[in-house]
Structures are given as C-alpha cells and as structure tokens.
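Data first, discussion second: the structure below is written as structure tokens.
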Amino acid sequence: MQSIPFCRDRLHFSSVSKKLVASLLGLLLLFVCITGSIAYAQSAQNPLEQPKGYPVVLQDEILFHIETGIASFPASFRARVISERIEAFAKAPQRDIDGLQIVNDEQAETTNILAGEDVVATITPADAAAAGIARQALARQHLEVITAAVIEFRQASSARSLTLGVIFTLILTLALIISVIVLNRTVFRLSQTFRTWQGTRIRGLRLFRTEIIPANRMADFFSELIKLARLALFVFLLVGYVNLVLSFFPWTKALSRKIFIYFGTAAYTLWRNFVGYIPNLFFIILIIFITSYTLRLIRFIFAEIRRGTIAIPGFYPEWAKPTYNLLRFTIIAFAAVIISPYLPGSDTPAFQGISIFLGVLFTLGSSGAVANFVSGIILTYSRAFIIGDRVKISETIGDVVEKTLLVTRIKTPKNVIVTIPNSMILGSHIINYSKSVKFGKASSLILHTTITLGYDVPWRKVHAVMIAAAKMTEHILPEPAPFVLQTSLDDFYVSYEINAYTDKASLMPRIYSELHQNLQDRCNEADIEILSPHYRAVRDGNQLTVPPDYIPKDYVAPGFRVNSANQFWQPLNHHPETSTHNKS
C-alpha cells in the first residue's frame with residue numbers, strides 16, 4: 001500500500017526534472033543563439049585568421065586594413081591618421097553622413113574619400129593592387145564600411161540605445177540568476193537520484209573482469225561529474241553574459257569582441273584537437289578490446305589447468321594461478337606501452353619529463369621490490385610450499401595463509417600473522433612439515449621427543465613404556481608403528497628418543513603436548529623416575545618424585561641417618577604426627 005505514494009513521488013520528481021532540464025536547455029540555446037548572432041555581426045572574419053596590414057578602427061572596431069605606404073608615410077602612420085579622421089567625423093553629429101563622397105584625382109592617380117572638403121582616406125594604386133581590385137571599387141568598399149560604422153557609432157551613443165542596453169542588462173542578469181538557481185537544484189536532485197540508483201542502475205566499473213571501482217564510488221563519480229558539468233555551464237553562462245552586456249554599450253563593444261574571440265579560439269582549438277584525436281581514440285579502444293579478450297582466453301586455459309581438465313607434462317596445477325597473474329601483468333604492461341604513444345600530450349616535453357622522473361624513481365626505490373618479486377617467482381616454481389602448508393622459515397613456524405609475488409604471510413599456532421618478504425625466505429632455509437604427509441603414510445611426518453633416564457632402568461622397559469605412551473596420543477598413526485632410538489649414552493643418563501608418525505602437521509603443538517603428558521603418566525605408572533639430566537637429590541629422608549596418586553597408601557618417607565666422628569644421630573621413629581630423634 002505504501003508503494004503507490006513512492007511511485008507518485010518518483011513520477012512527480014521525473015516530470016519536474018524534465019521541466020527543469022527543458023527550461024534550462026531552452027535558456028542555454030537562447031544564450032547560444034544571441035551570442036553567436038552578435039559575435040557574427042561583430043566579427044566578419046575568422047578569429048583564427050590573421051589579416052595583413054595595419055587596421056583602421058573606429059571605437060576599437062576594425063573597419064579595414066592598410067597594407068602599403070605613400071612616400072615617407074608608412075602604412076602604420078596612414079592607418080592611424082585615417083582612424084583619427086573617421087572618429088572625428090563620427091563624433092560630430094552636426095556633420096551629415098551624406099557628406100561622405102568619392103573624388104578621383106587623376107593627376108596624382110589616387111582616389112579620395114571626402115567628408116565635405118576634408119580628406120578622410122586616400123586610396124592609391126598600390127592599395128588597389130594589394131587588395132586585388134580596381135581603385136574605384138576599393139574606394140566604394142571603404143566608403144560603405146565607413147558609412148555603416150559611423151551610423152552604428154552614432155546610434156549606439158544615443159540615449160535610446162543606452163537605455164535599451166541597461167534594460168537588456170537587467171533582463172540578462174535576472175536570467176543568469178534564475179539559471180544558476182535551476183542548475184544548483186537540478187544538480188542536487190540528480191545527486192540524490194544517483195544515491196538511490198547505487199547498486200541497481202549504477203554498478204561497479206570492471207576492467208578485464210576485475211572490479212576497479214565499486215558501485216558507491218561510481219555514484220560518487222557521477223555526482224562529481226555532474227558538478228563538473230555545472231561548473232562548465234556556469235563558465236559558459238558567465239562568458240555569454242559578460243559578452244552580451246559589454247556589447248550593449250559602445251565603449252565596451254570592442255572588449256566584448258575580444259572576449260568572444262579568445263573564447264572562440266580556445267573552443268575551436270579544443271574541438272580541432274578532439275577531432276584530430278579520434279583516430280588515436282579508436283586505436284586505444286581496439287587495443288583494450290583485444291587485450292580484454294586475450295586475457296579471457298588465457299584465464300579460461302589456466303582455470304582448466306588448475307581443475308585438471310587440461311594436463312601439461314611438467315606443469316603442476318598449482319602453477320596455474322601464479323602463471324596467469326604473471327602473464328596478465330605482462331600483457332597489460334605490453335598494452336600500456338603500445339597505448340602510451342597515442343595518449344594526449346604523449347609527445348610533449350612535459351610528458352617525457354614526467355616519464356623520465358617516474359623511471360628514475362622506480363629505478364632508485366624499487367630494488368627491494370624487484371628482489372622480492374623475483375624471489376616470489378622462484379619460490380612459486382620451486383614448489384617449496386603452497387598455501388595451507390605447515391612450514392618453518394628461519395625461526396617462524398606456522399601455516400602459509402597467503403602467498404604473493406612480494407611477500408608470504410604465515411599464521412603461527414598463536415594466531416599471529418607474520419609477513420615475511422620473499423627475498424628473506426629465499427635467503428634462508430625452509431622446513432615444510434606438510435610436504436611428506438602428501439606422499440602417503442609411509443612418508444608421513446615423524447614427530448620425535450627425547451627423555452633421559454638413569455642406567456638403573458632397564459632399556460626394554462623404557463621402550464615399551466614410551467611406545468605405549470605414543471600409541472595413546474591422538475593423531476599418532478598406528479601404522480607405521482612408533483619406535484624408540486637410544487641416541488646417546490651420557491655420563492649419568494641414557495637418552496631415549498620416541499618417534500611416531502602423524503598426518504596432521506598443522507596440529508604439531510597439540511600432539512607434542514599430549515605426547516609429553518602420556519610419557520609422564522606411563523613412566524609414573526611403571527615406577528620410572530625421570531631424574532635426569534639436571535635432577536639432584538639426597539635419597540635418605542626425601543619423598544619420591546613420583547606424584548602422590550602413584551605412591552602406595554602405606555608408604556612412609558624414610559628418616560635420616562647421620563654419622564659423625566664425635567657423635568651419631570639416628571631417628572628411631574618418624575611419623576606424620578610426631579618425630580623422635582635419639583642421640584648416641
């Protein structure tokens with residue numbers, strides 16, 4: 001029942017968003033049309049073209065160019081003088097525009113543009129030759145341009161034009177404020193919509209079947225992209241606003257034209273570079289496409305090798321994953337090398353300098369990483385251990401939980417994760433307790449421990465007791481049977497070593513602990529005292545070292561007998577309640 005309001009909200013939000021976007025696009029289209037039309041009226045030439053000669057201007061508006069000089073008057077001087085004369089005529093409203101006329105001077109072979117009796121401009125045969133037309137035709141062109149510029153200058157300076165400029169400025173300012181408000185609200189609502197689409201319509205970015213950016217980050221990316229687009233629209237609106245406002249007034253019309261030329265030149269340059277970059281972009285997309293499908297094929301092959309479907313003599317299944325990772329890294333690096341020359345700015349000195357700088361940093365700072373990388377490859381293909389093996393590396397004993405090309409992580413029996421660089425592992429000895437377990441019971445891991453007993457204890461009895469203790473220990477295999485080795489005959493004791501087979505290398509600490517407990521219990525039951533190697537006792541008058549549970553209930557500790565040259569002490573009775581000592 002509650003889904004209906006939610007759907008209505010979604011529909012209402014969608015319709016409002018469409019209206020806002022439509023109004024915004026209409027406003028932007030209006031701005032573009034107005035800006036383009038005014039800019040086109042202001043500039044009849046391509047902003048990227050550089051005309052020849054020196055410009056003749058009226059209120060910073062270029063009318064035409066002077067390319068040649070007359071006698072001692074260079075072209076720059078002529079252009080400046082003509083500009084001053086035209087401006088003086090335009091600023092004199094009492095002088096009729098119809099007073100401008102063309103007069104030919106056949107003696108001097110020139111054509112003059114006169115304002116009454118005053119010469120405004122002189123057209124020489126050299127000017128006509130530079131323009132490529134007849135002298136009279138060039139004079140008529142200049143006269144038309146001067147007449148139109150003077151009329152526009154006088155109209156723009158009128159009170160009516162200034163009033164309209166102020167009104168249009170206020171209207172555009174209001175339109176700009178409304179556009180900014182609409183943009184801000186639209187961007188905010190779109191950002192909220194992206195949050196709701198997270199995980200459904202917006203999913204994580206994957207490259208080569210690997211998730212590079214999760215869904216929540218993609219939603220953040222689209223939000224930031226919308227904000228960037230808002231900033232670009234703000235800049236566009238501001239440039240259009242300033243250009244239009246400045247074009248409404250005669251004193252700033254030239255500045256408006258310059259702003260448009262700068263902006264148009266930048267936009268044209270960006271567009272030209274983008275169009276020129278399209279072939280490189282298609283090549284990059286093609287390389288990424290080929291690399292992606294090559295990696296898919298290689299991953300399928302090595303996945304089948306790991307499952308055992310594909311068998312290659314001498315290639316072990318556990319090599320499949322690390323080999324795929326190496327090939328994957330190599331292929332991606334090779335693709336990056338091929339793509340790099342086609343990246344934007346790859347041929348610039350800045351890009352080359354950054355590449356050299358990164359190469360120097362990699363050379364100076366990656367010696368240890370390269371050593372670990374090479375060591376990781378050697379350890380992988382030497383099959384010293386795999387994940388899950390119980391190993392001893394230097395002084396660290398534990399199970400291998402992670403194995404990478406740079407480091408190996410070991411989990412000790414105390415649940416401590418130890419990270420060891422591969423170069424250190426390769427430089428030390430490796431004991432793999434799990435390796436022998438994989439070859440069957442005959443080659444199972446042998447656990448061994450040593451006890452020392454005196455020469456007064458029969459060795460056959462010791463062997464039987466130790467073997468019985470081993471058989472009672474959990475995870476000790478009955479076959480092959482445990483056995484005892486007498487490893488040494490020392491001065492005061494004999495060393496007995498019990499050896500027992502197990503297939504649970506990961507439970508070594510627990511098995512050893514239980515084995516030691518059983519050895520103590522079985523020796524105590526057999527009246528065998530473990531007194532060596534560092535046990536000292538005066539037997540007269542001392543309690544047995546056997547635990548009380550194994551001592552007979554009627555047992556009484558012996559008394560002391562002391563002999564001396566002067567006197568002799570002998571306790572006659574010794575009981576827990578009383579103790580009597582007789583002196584003789």
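Derivation of every value follows stated rules applied to the coordinates shown; laboratory data play no part. These numbers come from a predicted model, not from an experiment. Backbone-built Cβ (ideal geometry, glycine too); neighbour counts: all protein chains shown.
Any idea what the relative contact order of the range 398-478 is, in percent, if you count C-alpha pairs under 8 Å spaced at least 6 apart?
Numbers: 55 pairs, mean separation 9.9, N = 81.
That works out to 12 percent.
Just round it to a whole percent: the fraction of Cα-Cα distances in the range 438-525 exceeding 18 Å. List each step's numbers first, then the result.
Numbers: 1579 of 3828 pairs.
Cα-Cα pairs of the range 438-525 separated by over 18 Å account for 41 percent.
What number results when the radius of gyration of the range 332-485, computed over Cα atoms, is divided by 2.2 N^0.38 Å?
On the way: Rg = 26.1 Å, N = 154, 2.2 N^0.38 = 14.9 Å.
Its radius of gyration relative to the 2.2 N^0.38 Å reference: 1.75.
In nm, what is the difference between 0.36 nm times the number of residues separating residue 326 and residue 282 and their Cα-Cα distance? Display every interim value, and only then the final one.
Numbers: separation 44, 0.36 × 44 = 15.84 nm, distance 2.77 nm.
Using 0.36 nm per residue and subtracting the Cα-Cα distance, I get 13.1 nm.
For the cross-link pairs 414/504; 227/253; 403/504; 403/471, which exceed 28 Å when the distance is taken from alpha carbon to alpha carbon?
On the way: 414/504 17 Å; 227/253 33 Å; 403/504 22 Å; 403/471 36 Å.
Where the Cα-Cα span goes over 28 Å, the pairs concerned are 227/253; 403/471.
Taking a cut-off of 14 Å between Cα atoms, list the aspartates and glutamates near residue 411, but don't count ones fewer than 8 places away on the same chain.
In chain and number order, the partners are 389, 395, 399, 402.
Quick one: Karplus J couplings for the range 484-496, per residue in order, coefficients 6.51, -1.76, 1.60, θ = phi - 60°, nearest Hz, x for Gly and Pro?
Computed from phi, the couplings for the range 484-496 are 10, 10, 8, 7, 6, 10, 8, 5, 10, 7, 10, 9, 10 Hz.
When each pair of different Cα atoms in the range 371-434 is counted once in the 1/r mean, what is the Kirkwood radius in angstroms, to one decimal? Spell out each step's value before the answer.
Numbers: mean 1/r = 0.0887 Å⁻¹.
Computed over Cα pairs of the range 371-434, the Kirkwood hydrodynamic radius comes out at 11.3 Å.
Given the convex hull over the Cα atoms of the range 54-157, what projected area results after averaging over all orientations, in nm²?
Details: hull surface 24.8 nm².
Averaged projected area of the range 54-157's Cα convex hull equals 6.2 nm².
So if the hydrodynamic radius of the range 213-308 is defined as the Kirkwood radius over C-alpha pairs, what does Stokes-Einstein give as its diffusion coefficient at 25 °C and 0.890 mPa s, in µm² per second?
On the way: Rh = 18.4 Å.
In µm²/s, the coefficient rounds to 134.
Along Cα→Cβ, 7 Å out, is where each label goes; now give me the distance between the ones at residue 507 and residue 225 in nm to one decimal.
Calculated label separation equals 5.6 nm.
Where the Cα atoms of the range 327-404 are projected onto their three principal axes, how long is each span, largest first, in whole Å?
So the three principal-axis extents are 54, 25, 18 Å.
Under the Kirkwood approximation for Rh and a Cα-based Rg, what ratio Rg/Rh is obtained for the range 49-107?
Working: Rg = 13.3 Å, Rh = 13.0 Å.
When Rh is taken as the Kirkwood radius, the ratio is 1.02.
Taking θ as phi - 60°, what are the ³J(HN,Hα) couplings along the range 89-99 by the Karplus curve (6.51, -1.76, 1.60), each to the nearest whole Hz, with x for Gly and Pro?
Values, residue by residue: 5, 5, 7, 10, x, 6, 8, 6, 5, 6, x Hz.
So for the pair residue 420, residue 201, with labels modelled 7 Å out along Cα→Cβ, what separation do we get in nm?
5.4
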